[in-house]
Amino acid sequence: KKMYDYTFDGAISAGAGDVNGHWLARDTAIYLNGPWWVANLYKEDNAVDGVLLADDCEVAVNPTYEGGKGEGGLVTTVQAFLAAAKQDDPAKEAAVVKFIKYLTDPDHVSELALTSGAMFFVKYEPSPDTSVISQKLTEVANNADFTILHVNSALPTAVSTEFPAAVSALVLGQIDAQGFVDQLQTAIDNAA
């Protein structure tokens, strides 16, 4: 609830386009997005009076609830899964193992992060060529005491579909904590 004191009216149920627009216009003090968006902070056409958005922002962990599990929580999402099936051909099996090791090697992860804007679950040191904001995001990720899976990948579809409306109602004081839980449970029950 506290976070919404520092953002624009309508932020509770706003979609990505609204949120991004208000952030670029500097109408909000808190912006929750991921590393894929960092390049936009450095674009000249997003500057105001010659000041890049990157020069006006700082990286922080998501606020955690009082008495929470730790100081350094991080909300994460899985963008891709890697899987390798057992191979009958030893040469193919060796190639698969070599490929997975390559992809998870911290030096290669750093290179992939620099070129893609994505972040990875492998701890790594960012390239010196990485933007300051991306370096700070990597530091936060590397030092996070724990991670919380993003609601879309951690819960059933019925919950992630109903979640924005339930959060809106909770933050606006239309329901209490139990009402929030009940609203999500109703969505699950109706989906069954």
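The values are calculated or read from the model by the stated rules, or taken from the named source; none is laboratory data. Bear in mind that the values here come from a model prediction, so they are computed numbers and not experimental data. Positions of Cβ are backbone-derived with ideal geometry, glycine not excepted, and every protein chain shown enters the neighbour counts.
Scan the stretch 120-130 and tell me whether some residue there is touching a Ser or Thr at 6+ places or on another chain (Cβ under 6 Å), among the β-branched types (Val, Ile, Thr) and surrounded by 13 or more Cβ atoms within 10 Å (Cβ to Cβ). Yes, the stretch 120-130 contains a residue that is touching a Ser or Thr at 6+ places or on another chain (Cβ under 6 Å), among the β-branched types (Val, Ile, Thr) and surrounded by 13 or more Cβ atoms within 10 Å (Cβ to Cβ).
Per-residue answers, yes or no, for (1) of a type outside the set (Asp, Glu); (2) part of a helix (DSSP H, G or I); (3) modelled with pLDDT under 85:
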| residue | (1), (2), (3) |
| --- | --- |
| Ala141 | yes, yes, yes |
| Ile148 | yes, no, yes |
| Ala165 | yes, yes, no |
| Ala169 | yes, yes, no |
| Gly173 | yes, no, no |
| Val181 | yes, yes, no |
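Scanning the stretch 12-37 for residues that are within 21 Å of Phe180 (Cβ to Cβ) and modelled with pLDDT under 75 turns up Ile12, Ser13, Leu32. For the stretch 34-48, filtering for residues that are surrounded by 15 or more Cβ atoms within 10 Å (Cβ to Cβ) and of a type in the set (Val, Ile, Thr) leaves 1. Of the residues making up the stretch 1-33, those that are outside any helix (DSSP H, G or I) and surrounded by 15 or more Cβ atoms within 10 Å (Cβ to Cβ) are Thr7, Phe8, Ala14, Thr28, Ile30, Tyr31. Scan the stretch 161-181 for residues that are of a type in the set (D, E, K, R) and surrounded by fewer than 14 Cβ atoms within 10 Å (Cβ to Cβ) and the total you get is 1. The residues listed here are Ile100, Ile188; of these, the one that is out of contact with any strand residue (DSSP E or B) (no Cβ under 9 Å at 6 or more places or on another chain), touching a residue at least 24 places away in the same chain (Cβ under 8 Å), aliphatic (A, V, I, L, M) and assigned to a helix (DSSP H, G or I) is Ile188. One residue stands out in the stretch 56-102 among those that are closer than 30 Å to Trp23 by Cα, surrounded by 13 or more Cβ atoms within 10 Å (Cβ to Cβ) and among the aliphatic types (A, V, I, L, M): the one that is modelled with the highest pLDDT, namely Val59.
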